[in-house]
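Trainee: Have a look at this one.
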Amino acid sequence: MWRLQLIRKPWRCFSTSAGVPRWFDSVGPAAKDPIQAVTEAFNSDPFPQKINLGLGAYRDEQGKPLVLQCVQQAEEKIRGCNLLDSVSASVASSALVEECIKLVYGRNVNVVKEKRFAGVPALSGTGACRLFAEFQRNFFPESAIYLPDPTWTNHHNIWANAHVPVRTFHYYHPHLRGLDFAALIDDVKNAPDGSFFLLHPCAHNPTGIDLTEDQWSEISNLFKMKNHFPFFDMAYQGLATGDVDKDASSIRIFLEDGHLIGCAQSFTKTMGLFGHRTGCLSLLCADRDQAVQVKSQLQQIAGAMYGSPPVHGIVLLSTILGDQALKSMWFKEVKAMASRIQSMRAKLRERLELTGSSLNWEHITKQVGMFWFSGLTPEQVDRLAKEFHVYMTPDGRMSMAGVTTSNVRYLANAVHEVTKCS
């Protein structure tokens, strides 16, 4: 699994003959982000049928970014509002956090009524994770974070840069191209009591392999026995099954079992708000007083890092989630997005099977969410780029949002060509 690496040279500072300090001579280039590298290679390719499957944002049937109707209507609704008013911004921030809590735990649960949650707006899911990593380091300095293997690459960078030790637990079985549940359970059992675990509640990135409700219940019970803390990174609520409530069932199982819970939420993919960097970090606490104390600490950490996210995204998102008509419109739109991805999975599998391939392609339709963890080797990925102009990350993760009815046959034939001797 590829990860970003920080390249350091020995520190030195010296002056030139002109007496100008050379402070940055010791700074080497950072390793290039793999997704950025894919995008750059794609953009420089003049081939007309090229396909970019490295992107992490949703695209429509024409391969274009989709601006949701609920977002457009919310923009019209807030047009003319005084977003420079600090009081209005504070009210919108509080409304955003409360609506995010309802979205995760359910509108009618007592969490909101009892005010047992501490939450702050965050710079999308990345910012929410980084805030929690800093919180973990400050108040649990001896703890580590356990990440699924594999996981979103940036998870490693986020906790490492917060100086929190990173451990991994089994998740994906490469030979089965499925979940390694027995090994996962063993790792949870063998972790020291009171460990922190990052969990993907739905549409696991990059594998697209989700746990069943029975498996989530087993993990929840084991967490209670071991006093582990569950931290959920919710980036795809609605894009796994098309049902926002069903995609939150894992977290609600933990809620029903009496856990205290952490949750990072992002709306980059599910609402197409990529440039707004709008999200939420929330911690479910034991009682209202504890929630007040925890929130004050989260606010202090955020204040030292960036203050607060841009207010426009906060107001836009809180407007959509707080208006029942707009929220219902979003539910329908995110369901349509998920349905298109599911349809492309079925068509890609069908086309691969029609090529006469001897390989089993059922994992295409067994996986869910935006990504297909194909199992292709780095060498096969390289061949796809060089010979067929199909671009993806070296681990073989393909964004199904980049697959359309106009390119699915070409993609299937290309994948068949690089795998037919496997």
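Trainee: State yes or no: is Ser406 open to solvent by 10 Å² or more (accessible area, probe 1.4 Å) and either over 19 Å from Arg177 (Cα atoms) or among the small types (Gly, Ala, Ser) (or both)? Steps first, please.
Mentor: Numbers: open to solvent by 10 Å² or more (accessible area, probe 1.4 Å): yes; either over 19 Å from Arg177 (Cα atoms) or among the small types (Gly, Ala, Ser) (or both): yes.
When the stated conditions are applied, Ser406 passes them.
Trainee: Tally time: how many residues in the stretch 294-306 are open to solvent by 80 Å² or more (accessible area, probe 1.4 Å) and without any contact (Cβ under 8 Å) to a residue 60 or more places away in the chain? Break it down into steps so the answer makes sense when it comes.
Mentor: Within the stretch 294-306, the first condition is being open to solvent by 80 Å² or more (accessible area, probe 1.4 Å), and the residues that meet it are 299-300, 304-305.
Now narrow it down to the ones that are without any contact (Cβ under 8 Å) to a residue 60 or more places away in the chain: 300, 304.
Within the stretch 294-306, residues that are open to solvent by 80 Å² or more (accessible area, probe 1.4 Å) and without any contact (Cβ under 8 Å) to a residue 60 or more places away in the chain number 2.
Trainee: Suppose we filter the stretch 174-190 for residues that are buried (at least 18 other Cβ atoms within 10 Å of the Cβ) and in contact with a helix residue (DSSP H, G or I) (Cβ under 7 Å, 6 or more places away or on another chain); how many remain?
Mentor: So the first thing to find is which residues in the stretch 174-190 are buried (at least 18 other Cβ atoms within 10 Å of the Cβ), and the list is 177, 179-180, 184, 187-188.
Now narrow it down to the ones that are in contact with a helix residue (DSSP H, G or I) (Cβ under 7 Å, 6 or more places away or on another chain): 177, 188.
Residues flagged as buried (at least 18 other Cβ atoms within 10 Å of the Cβ) and in contact with a helix residue (DSSP H, G or I) (Cβ under 7 Å, 6 or more places away or on another chain) within the stretch 174-190 amount to 2.
Trainee: List pairs: first in the stretch 21-46 and modelled with pLDDT of 90 or more, second assigned to a loop (DSSP other than H, G, I, E, B) and open to solvent by less than 80 Å² (accessible area, probe 1.4 Å), Cβ under 7 Å, 6+ apart or cross-chain?
Mentor: Trp23/Cys13; Val38/Gly54; Val38/Met392; Val38/Thr393; Thr39/Gly54; Phe42/Lys50; Asp45/His389
Trainee: Among the residues of the stretch 341-354, how many are closer than 16 Å to Glu417 by Cα and open to solvent by less than 40 Å² (accessible area, probe 1.4 Å)? Steps first, please.
Mentor: Of the residues in the stretch 341-354, the ones closer than 16 Å to Glu417 by Cα are 348-354.
Narrowing the set further to residues that are open to solvent by less than 40 Å² (accessible area, probe 1.4 Å) leaves 348, 352.
Going through the stretch 341-354 one residue at a time, the tally reaches 2.
Trainee: Counting only residues that are part of a loop (DSSP other than H, G, I, E, B) and touching a Phe, Trp or Tyr at 6+ places or on another chain (Cβ under 8 Å), which one in the stretch 189-203 is farthest from Lys224 (Cα to Cα)? Please lay out each step first, then the result.
Mentor: To start, the set of residues in the stretch 189-203 that are part of a loop (DSSP other than H, G, I, E, B) comprises 191-195, 200-203.
Narrowing the set further to residues that are touching a Phe, Trp or Tyr at 6+ places or on another chain (Cβ under 8 Å) leaves 191, 194-195, 200-203.
Details: Ala191: 13, Gly194: 10, Ser195: 11, His200: 18, Pro201: 18, Cys202: 21, Ala203: 24 Å.
Going through the qualifying residues, I end up with Ala203.
Trainee: Right, something else. Checking Met370 against (1) open to solvent by less than 70 Å² (accessible area, probe 1.4 Å); (2) free of Cβ contacts under 8 Å to residues at least 12 places away in the same chain: exactly one of these is not met. Which one?
Mentor: Here Met370 clears every test but (2).
Trainee: Can you give me the number of residues within the stretch 147-173 that are buried (at least 22 other Cβ atoms within 10 Å of the Cβ) and farther than 23 Å from Gln367 by Cα?
Mentor: Selection size over the stretch 147-173: 2.
Trainee: Still on this model: Only one of Arg277, Arg177 is touching a strand residue (DSSP E or B) at 6+ places or on another chain (Cβ under 8 Å), of a type in the set (D, E, K, R) and more than 24 Å from Ser318 (Cα to Cα). Can you tell me which? I'd like the intermediate steps shown before the answer.
Mentor: Details: Arg277 fails: more than 24 Å from Ser318 (Cα to Cα).
Just a single option satisfies the conditions, and that option is Arg177.
Trainee: Can you go through Gly272, Gly242, Gly238 and tell me which one is part of a loop (DSSP other than H, G, I, E, B), in contact with a helix residue (DSSP H, G or I) (Cβ under 9 Å, 6 or more places away or on another chain), surrounded by fewer than 24 Cβ atoms within 10 Å (Cβ to Cβ) and at pLDDT 95 or above?
Mentor: Details: Gly272 fails: at pLDDT 95 or above; Gly238 fails: surrounded by fewer than 24 Cβ atoms within 10 Å (Cβ to Cβ).
After ruling out the rest, the residue left standing is Gly242.
Trainee: Still on this structure, please answer the following. So is Leu281 open to solvent by 10 Å² or more (accessible area, probe 1.4 Å) and modelled with pLDDT of 95 or more or not? Before you say what the answer is, go through the steps one by one.
Mentor: Values: open to solvent by 10 Å² or more (accessible area, probe 1.4 Å): no; modelled with pLDDT of 95 or more: yes.
The answer is no for Leu281.
Trainee: Take the stretch 223-235 and flag every residue that is open to solvent by less than 10 Å² (accessible area, probe 1.4 Å) and closer than 22 Å to Ala122 by Cα.
Mentor: Pro230, Phe231, Phe232, Met234
Trainee: Taking the stretch 86-105, which residues are open to solvent by 10 Å² or more (accessible area, probe 1.4 Å) and more than 15 Å from Gly313 (Cα to Cα)?
Mentor: Matches in the stretch 86-105: Val87, Glu98, Lys102.
Trainee: Looking only at residues that are open to solvent by less than 30 Å² (accessible area, probe 1.4 Å) and β-branched (Val, Ile, Thr) in the stretch 24-76, which one is nearest to Phe331 (Cα to Cα)?
Mentor: The residue in question is Val71.
Trainee: Which condition from (1) in contact (Cβ under 8 Å) with a residue 24 or more places away in the chain; (2) crowded, with 16+ Cβ neighbours inside 10 Å; (3) under 15 Å from Ser343 (Cβ atoms) is the one that His363 breaks?
Mentor: (3)
The values are calculated or read from the model by the stated rules, or taken from the named source; none is laboratory data. All of these numbers come straight from a predicted model, not from anything done at the bench. Neighbour counts run over all protein chains shown; Cβ positions are idealised from the backbone, glycine included. These accessible areas exclude ligands, DNA and RNA; they are computed on the full protein's heavy atoms, side chains included. Shrake-Rupley method; radii C 1.70, N 1.55, O 1.52, S 1.80 Å.
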